[in-house]
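J.: Mind having a look at this structure? Questions to follow.
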Amino acid sequence: MARIAIILALLLAVSIAGCIGQQPETAQPLSQQPAPAFILPIEQRLGELSNSVLLIAVNVTVLNVSYTAFGYNPYTDQFYASGPGELSYEYKGFWWSGGSGFVVSEDSHILTNAHVVYTTRDEIVDFEVETYREWIYRGYSESDALHRKERIRDYLKQHLVVNRAEFAFYVSGKALPGPVEAELIRYGTPGGAEDVALLKARPLGIEPLALGDSDNLTIGERLYVIGYPGAALINITIVEEELNPTVTSGVVSAVRKTPEGNKIIQTDTLVSGGNSGGPALNAKGEVVGIATLGTVYGNFIPTGYNYLVTINYAKEFSRPESLYWTTTGQLIAEYGIDRAVLIAFLIVALAYFYLERPSRRKH
């Protein structure tokens, strides 16, 4: 009798799994909708897809640094400790950095670059150097001032101590009425093929972007990068009441490997400051990479050698968060287990526990 019950439970589980995999169209998430027979060209969908691309801002709420007071001898070009006293400075509530990011789950997980959300000690040193700007340039030629600036930077790198640093993260976008605070879940290694970070905001009601397979990229394949480059946002000839991201396009120039063995995508698609963390889409509108490095020359003029973190690495990076990623036609849970199969397995296990074990105790 118990075995018959288990078989019935198994059949019930399979039928439930089938129902889950074939929900009515009205109850089915957009990410699970079957691909229509005709899809608009990507160029006609970029405006809609850009709703899911966000501007990331990092606000330093508290920053406290200290270092030994120093003096400068212009004859020997040496900085020196000017006594036992320590200089201590605390800064509160100023904007620090920004970049781009994009929504990847229904509950508003957001992918971006690690270097967008992570502040290095050297960046804090650079900020502190700027507080001496007036003294550095007073009465000196440009070349002499730059030399003094580098010397101060060298001194602070050796002596500056970061006593406290607290940050807040905000996301904005054309589909949002204003900035929304987000939580930093985790981040990887800034720069290179592991330059990924994961944020979580309250439910934003923004459609997540579909994630493709970067292993299927081919040389010469068309790419579209969406983001908020600073050069476009601060142009004084532009006055807008809402945020609008910028779209640039190019091709896959090469897929290379870093010394650590991770793939990184080279592209001629224009990537500049502020684009970092923005999605790179293929012709299907799927994210295949994350804009992370843009090479420049001269006065920070972008070149055609730019780099993207692969979306496959970003998926693996975020897997421990048990996200259900948006893919073409299905939602894949952690370790690739389909939810329906998992539910069927649990029902069978429960049936065995409650029906099979009691029958054994009778013998």
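J.: Identify all residues within the stretch 245-294 that are out of contact with any Asp or Glu (no Cβ under 7 Å at 6 or more places or on another chain), among the polar types (S, T, N, Q), farther than 11 Å from residue 228 by Cα and part of a loop (DSSP other than H, G, I, E, B); write none if there are none.
T.: Selection gives 258, 269.
J.: Residues that are in the same structural domain as residue 63 (by TED's automatic domain parsing) and over 21 Å from residue 293 (Cα atoms): list the strands (runs of 3 or more DSSP E) wholly contained in the stretch 160-204 that include at least 3 such residues. Working first, answer last.
T.: Values: elements: 161-172, 180-187, 197-201.
Ranges flagged: 161-172, 180-187.
J.: Residue by residue through the stretch 176-190, note down the ones that are crowded, with 18+ Cβ neighbours inside 10 Å and closer than 23 Å to residue 49 by Cα.
T.: 176, 182
The values are calculated or read from the model by the stated rules, or taken from the named source; none is laboratory data. The structure presented is a predicted model; accordingly, all values stated were derived computationally and were not measured. Using ideal geometry, Cβ is built from the backbone for each residue, glycine included, and neighbour counts are taken over all protein chains shown.
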